[in-house]
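**Q** Questions regarding the structure given below will be posed in turn.
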Amino acid sequence: MTTDASRRQFLKTSGLAAGSLVVSFFIPAANRLARAEAAATAAFAPNAFLRIAADGGIRILLAHSEMGQGIWTALPMLIAEELDADWSRISVEHAPAAADYHAVGMPMQFTGGSMSTWTEFERYRKAGATARALLVQAAAQKFGVKPAACRTENGRVIAGDKSAAYGELVDAAAKLKPPKDVPLKDAKLWKLIGQPTKRLDTREKIDGSAKFGMDVQFDGLLTAVVARAPVFGATVKSFDDSAARQVAGVRDVKQVPSGVAVIADHFWAAKLGRDALRVEWDLGAFAGRNSDDIAAEFRKLATGEGPVASKAGDAATALAAAAKKIEADYSLPYLAHAPMEPLNCSVKIEADSCEIWTGTQFQTLDQASAARVTGLKPEQVKIHTMFLGGGFGRRATPTSDFVVEAVEVAKAAGKPVKTVWTREDDIRGGYYRPAFVHNAIIGLDAQGRLAAWQHRIVGQSILGGSPFQMMIKDGIDTTSVEGVADSPYIKDLPHHRVDLHSPALPVPVLWLRSVGHSHTGFVMESLIDELAHATGKDPLEFRRGLLAEHKRHLGVLNLAAEKSGWGTPPAQGRARGIAVHESFGSYAAQVAEISLQNGAIRVHKVTCAIDCGIAVNPAGIAAQMESGVVFGLSAALFGQINFKDGRVQESNYHDYRVLRMNQMPQIEVHIVPSTDKPGGIGEVGVPPVAAALGNALFALTGQRQRQLPLRVTA
Amino acid sequence: MVSLTINGKTQQFDVPDDMPLLWLIRDFAHLTGTKFGCGMAQCGACTVHLDGSPLRACVTPVSAVAGKSITTIEGLSADASHPVQQAWAELDVVQCGYCQSGQIMSAVALLKAKPDPSDADIDAAMSGNICRCGTYQRVRAAVHRAAELSKA
Amino acid sequence: MNRPLRNAFGLASLLALAACGSSGPPAPPKEAAIAAFATVQQVFQHPRCQNCHIPGDAPLQFDNGLPHEMGVARGPTGHGAQGLPCSTCHGEKNAPASYGPHAPPGAPHWALPPPEHKMVTIGLSAPALCEMIKNKSENGGRDFAALLKHVSEDKLVLWGWEPGGNRVAVPVPHADFVAKFKLWSDAGGPCPAT
């Protein structure tokens, strides 16, 4: 096949050609061509997740978005396991936005909540098993034997001395009716699940050919940069675009609901055009707000009762009777996700269709939102999910903010437009992890045992005002209290009460990797450490006592302690801290070993133990733990978004700092062998880190840091 | 008009003199492997080579490199066979992948200047490249591995 | 007239004046030279200069002299770590204003002093700074003439007066500084007692 022919085939099969209008990528990537060819010749499509071509190529359609977490590899492993596929013949692509790809048991297609692997554990294996059953049936007919006489191995059906490659069987298999139900392999027979397996998306990510949303280019695609409100809630009063229109390459300037869009031939012209734009804003009430007064408001709210998230007995009376009480206020700032790929979204609107190219975690909502803006039906909105240059939750906005805006821009422009955010737009654009204040009062009895726990949490609700508002029950947004309201330390106490205040502010807030656990993990595991020291116990022993009935907590705690050398003295000038936290159906414990260098925390090593049930891809799990630890360290050491006169003070990586190579500790990951059902992975490594670090800092200096980022006082 | 050699190919580009090289590479040469991450030399995602030396394309005006020779990730090898790319694949370094073109270009520059770098050398040369997925530990190991592969 | 040009004119006229009187001016009184050194110190210990004239190998950045992000190192020649030369981010001149106030500044041969003679100015008392400047083992083997040339003409030094972005420029006019430096060096570089 000539290059041109394969390119046309690629365009046709990947749906980029609409009618006679050929939309072409400037740089057709070799791997995409290969995939397209596999699809072009696909003869066998037993279900929505799998295509097998006559040449034996197997293409797997991902219902979820690859954003680094390794789903591009873990889900194909599930199919390949049951299919007994030749792993080297697997290729992967993001599925279109369609009902077939809705998350299991949910009315939408999305990626989040560390759910992809465990929710798909059965569906993707069944997809492979169904295909295998059909291929076996086709082979049995061909060989003239009973299906039971056939076995499958490495992409072939074998019966006695007869053997056929899957590719040879696809035409016959395609004519067969899929069985209603197929048995799945016994875990003992797994060849792939549980094996450390390398990523399938490496090649295109090391040669520059991987296509992220930012990399979408086609003839006629313009680029827009949007001037957005400098203060949340501000609106455009008026604007003067005369200078902007003078910039070479600027094609148009249009007001859109989120601001004023400068539309140009390329990014730099759009950016210069925006610089030249003069916008008068009606700043609104938030222009008077500062981080300090927001924190003061939160602290004041924490002194009173609110909706109850968890309650048993009578915490107030039990606290009054306690032999000893510990009270602590903790505070955590707003955080930006700051994924490496700034937000972007390309949109092409036709009379009866809208095509969107973007890295998104929320296809179904994006589709519905785009339909609303364009007046089209959702099924007329076609979403091409590109690789995500990091998500961490930012690309899963219930409002579809960056998609809606891009559709508005393309609609206003009347031309295909890619709307691109700068890093400054990203850092200042909101959708932050909400700031939180916690107040805890914990009572101990005369023997130093926990007797009562009162805990108040104050922070904006992520679900409130979103399409998921209905998930708020009795005033409780569980994403604000998870990790506290369901904490084993608290739930085990006969007297406890957890209250939540959800003040409304115009700051857009959103889930950030590990969601509520991103603050509750720090607060709970710091508090437990405080209690251990207050009762004169070793932090590990104290936790072991409290978690005696929580075997999986205990398992990771003991493993991390053992592997980190807990109990043996660290090197001179160093100290260790430990923390354990359950989230997303998995359990993680971490030991951080630190010292002080030039008055700042230097993290030398983080030892991580993880119990996520069945470990589908141990290599991916190790990578995600490393990733979660680094993400948590960035938040613990640096992360904060501050407001002055309503304006975000940080703007780029120089003042919204994240961990760099020279601050990188050694990270050691130990996976607890398990046959429990799989749990989450992508977020689970984050929650314990900050606490392990803060607890190590206390062990080293005697300073208890009750806020993030951690500060070392002289 | 600016004349520039990118990956061995000399081309004329009709762009303003003070446009960052990054946007010439991406929007005019249509080589999208070089990434936009911060626009102010903070993250290293835009790293290319100027006559073999690393350069942050996002803060380099086109006028500063006119007539010179630039190498991007696409020009590193035809088939991902550069020892650094091989090491990256062997050690399963990438996650989301967005920063990795820049990481690889920085690693190549490091190994050119220091064929057998220590951990401290790697820290010094690679700390300008941010990875939000936190692949640093594997990047470090892969640089060592690439040093070995280069010797072989 | 832009500032470098104005500076250059100022410098030229000062040098001309000095030349006119070269037939045998009395050596400047020691007190005047020591007083002039105060200006020299002010410049040498301004963030624009001292951020790179550091002990150790980690340069500073910004007006408040924070450790340079990214663990930037002096490297074997002062031009940064092997594999991450200063020129990776710092070009031959300041980035265009359109790149924003935080783009890395630039000037020719952006570098720190080499490790053999670090010319440390940061944190030194006036007498110690004065001795360091004159000490050829620390100043790169420069005599007074070479030192004067360095502070008068070196493009990287001159950048301190045109730092771009939101960076604070050296507050003493360059010509004044050079004149004071010359006054001090012509007197043999006397050092203050405290």
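**Q** Once phi is turned into ³J(HN,Hα) by the Karplus curve 6.51 cos²θ - 1.76 cosθ + 1.60 with θ = phi - 60°, what whole-Hz value does each residue of the stretch A:202-213 show in order, with x for glycine and proline?
**A** Once rounded to whole Hz, the list reads 5, 3, 6, 8, 10, 10, x, 8, 4, 9, 8, x.
**Q** Inside 10 Å of the C-beta atoms of B:117-125, what's the mean count of C-beta atoms belonging to other chains? Could you put the intermediate results ahead of the total?
**A** Details: counts 3, 0, 3, 4, 5, 5, 9, 15, 13.
For this peptide, the per-residue mean of nearby foreign Cβ atoms is 6.
**Q** What do the square roots of 5 times the Cα gyration tensor eigenvalues come to for the stretch A:365-514, in whole Å, largest first, as semi-axes of the equivalent ellipsoid?
**A** Working: eigenvalues 345, 47, 33 Å².
Ellipsoid half-lengths, sorted descending, are 42, 15, 13 Å.
**Q** Just to be sure I follow: if Rg is taken over the C-alpha atoms of chain C and Rh is the Kirkwood radius over the same atoms, what is Rg/Rh? Numbers along the way, then the final one.
**A** On the way: Rg = 17.1 Å, Rh = 17.5 Å.
That ratio equals 0.98.
**Q** For A:K537, go through the lysines and keep the ones whose alpha-carbon is under 22 Å away, minus same-chain ones fewer than eight residues off.
**A** In chain and number order, the partners are A:K324, A:K325, A:K491, A:K551, A:K563.
**Q** Next question. Give A:K126/A:K188; A:K185/A:K677; C:K149/C:K182; A:K142/A:K162; C:K93/C:K136; A:K211/A:K418 a once-over and call out the pairs whose C-alpha atoms are over 19 Å from each other.
**A** Working: A:K126/A:K188 17 Å; A:K185/A:K677 15 Å; C:K149/C:K182 10 Å; A:K142/A:K162 10 Å; C:K93/C:K136 30 Å; A:K211/A:K418 14 Å.
Check vs 19 Å cut-off fails for C:K93/C:K136.
**Q** Ok, one more. Based on the mean of other Cβ atoms within 10 Å per residue, sort peptides A:638-644, A:660-666, A:416-422 so the most packed one is first. Intermediate results must be reported in sequence, preceding the final value.
**A** Values: A:638-644: 19.4, A:660-666: 21.9, A:416-422: 25.1.
The densest-packed peptide leads the list: A:416-422, A:660-666, A:638-644.
**Q** At 1.4 Å probe size, with no ligands or nucleic acids counted, give the accessible surface of A:R552 in Å², nearest ten.
**A** Around 60 Å² of this residue is reachable by solvent.
**Q** A further question on this structure: When the label point is put 7 Å from the Cα of A:A446 along its Cα-to-beta-carbon vector, which residues of the stretch A:297-333 have a backbone N closer than 14 Å?
**A** A:321-324
**Q** Set the Förster distance to 41 Å, then compute FRET efficiency between A:S242 and B:D51 from the Cβ-Cβ distance, nearest 0.05.
**A** Numbers: r = 42 Å, r/R0 = 1.03.
After rounding, the FRET efficiency stands at 0.45.
**Q** Once the dipole of chain A is set up with Lys and Arg at +1 and Asp and Glu at -1 on Cβ about the Cα centre, which of A:Q454, A:P503, A:A187 lies farthest towards its positive end?
**A** My answer, from the dipole projection, is A:A187.
**Q** Which of the peptides B:43-51, A:679-687, A:302-310 is most tightly packed, and how do the rest follow, judged by the mean count of other Cβ atoms within 10 Å per residue? Don't skip to the answer; put the middle values down first.
**A** Working: B:43-51: 25.1, A:679-687: 29.4, A:302-310: 16.0.
Top of the packing list down: A:679-687, B:43-51, A:302-310.
**Q** Another question, then. Within chain A, which DSSP H helices have Cα atoms that stretch 20 Å or more along the helix axis and a mean Kyte-Doolittle hydropathy of at least 1.0? Let's see the in-between values first.
**A** Details: long enough: A:116-143 (38 Å, -0.39); A:517-534 (25 Å, 0.10); A:618-637 (28 Å, 1.14); A:687-701 (23 Å, 1.31).
Within chain A the helices that satisfy the rule are A:618-637, A:687-701.
**Q** What does the average come to when, for each residue of peptide A:423-432, you count the partner chain Cβ atoms lying within 10 Å of its Cβ? The partial results should precede the final answer.
**A** Details: counts 8, 5, 0, 2, 1, 0, 0, 0, 0, 0.
What the average comes to for A:423-432 is 2.
**Q** Where a Cα-Cα gap under 18 Å defines reach, which aspartates and glutamates qualify for A:K605, not counting those fewer than 8 residues away within the same chain?
**A** Within the straight-line cut-off, A:K605 pairs with A:E562, A:E593, A:E626, A:E668, B:D119, B:D123.
**Q** Now, a different point. Sequence neighbours fewer than 8 away in the same chain don't count; with that in mind, list the aspartates and glutamates whose C-alpha is under 15 Å from A:K146.
**A** Partners found: A:D161.
**Q** I've got another one for you. List the residues whose amide H sits under 5 Å from the amide H of A:Y334, counting only those 5 or more places along or on another chain, with H placed 1.01 Å from N in the peptide plane.
**A** Hits under the 5 Å cutoff: A:A435, A:I641.
**Q** Output ³J(HN,Hα) for the stretch A:151-161: one whole-Hz value per residue in order, computed from phi by the Karplus curve 6.51 cos²θ - 1.76 cosθ + 1.60 with θ = phi - 60°, and x for Gly and Pro.
**A** Whole-Hz 3J(HN,Hα) from phi for the stretch A:151-161: 10, 10, 7, 6, x, 9, 9, 10, 9, x, 8.
**Q** Antiparallel versus total DSSP beta bridges in chain A: what percent is that, nearest 5? Write down the numbers at each step before the final one.
**A** Values: 90 of 118 bridges.
Percentage antiparallel, nearest 5: 75.
**Q** For the ranges A:342-352, C:158-168, what's the packing order if you count other beta-carbon atoms within 10 Å of each residue, average per peptide, and put the highest first? Can you show the working numbers first?
**A** On the way: A:342-352: 21.7, C:158-168: 17.6.
Averaged packing, sorted descending, gives the order A:342-352, C:158-168.
**Q** Sticking with this one: So what's the back-of-envelope 222 nm ellipticity for chain A, counting only DSSP H runs of four-plus at -39500 (n - 2.57) apiece and dividing by all residues, rounded to 500? Walk me through the intermediate numbers first.
**A** On the way: 20 runs with 223 residues, N = 714.
Only helices count here, giving -9500 deg cm²/dmol.
**Q** On to the next question. Just tell me how shielded A:212-220 is by partners: mean number of partner chain Cβ atoms within 10 Å of each residue's Cβ, no decimals. The partial results should precede the final answer.
**A** Values: counts 5, 0, 6, 8, 1, 4, 0, 0, 0.
The shielding value for this peptide is 3.
**Q** With a Cα-only, solvent-free Debye model of the protein assembly as shown, what are the log10 I(q)/I(0) values at q = 0.07 Å⁻¹?
**A** Log-scaled intensity ratios, in q order: -0.68.
**Q** Could I ask something else about it? Only Lys, Arg, Asp and Glu count, each charged at its Cβ (+1, +1, -1, -1), so figure out the dipole size of chain A about its Cα centre, rounded to 20 debye. Could the numbers behind the result be given before it?
**A** Values: 78 positive and 73 negative charges, 177 e Å.
Computed about the Cα centre, the dipole is about 840 debye.
**Q** Here's something else I'd like to know. Which far-off residues, 5 or more places away or on another chain, put their amide H under 5 Å from the one on B:F13, with H placed in the peptide plane?
**A** B:V2, B:S3, B:L4
**Q** Another question, then. Net charge near A:V630, counting Lys/Arg +1 and Asp/Glu -1 over other residues with Cβ under 14 Å of its Cβ? Walk me through the numbers before you get to the answer.
**A** Working: positive: A:R513, A:K605, A:R657, A:R660, B:R132, B:R138, B:R140; negative: A:E626, A:E668, A:E683.
Value of the local net charge: +4.
**Q** Let me ask you something else. Once amide H atoms are built 1.01 Å from N in the peptide plane, which residues 5 or more positions from A:R251, or in another chain, come under 5 Å H to H?
**A** Amide H neighbours of A:R251, under 5 Å, 5+ apart: A:I263, A:A264, A:D265.
**Q** Let me ask another. Short version: ³J(HN,Hα) in whole Hz for each residue of the stretch B:108-124, in order, from phi by Karplus 6.51 cos²θ - 1.76 cosθ + 1.60 (θ = phi - 60°), x for Gly and Pro, what are they?
**A** Whole-Hz 3J(HN,Hα) from phi for the stretch B:108-124: 4, 5, 4, 5, 5, 7, 8, x, 10, x, 7, 4, 5, 4, 5, 4, 5.
The values are calculated or read from the model by the stated rules, or taken from the named source; none is laboratory data. Just so it is clear, the model here is predicted, and its values are computed rather than measured. Ideal geometry is used to build each Cβ from the backbone, glycine not excepted, and the neighbour counts take in all protein chains shown. Accessible surface is based on the protein model in full, side chains and every heavy atom, while ligands, DNA and RNA are left aside. Shrake-Rupley method; radii C 1.70, N 1.55, O 1.52, S 1.80 Å.
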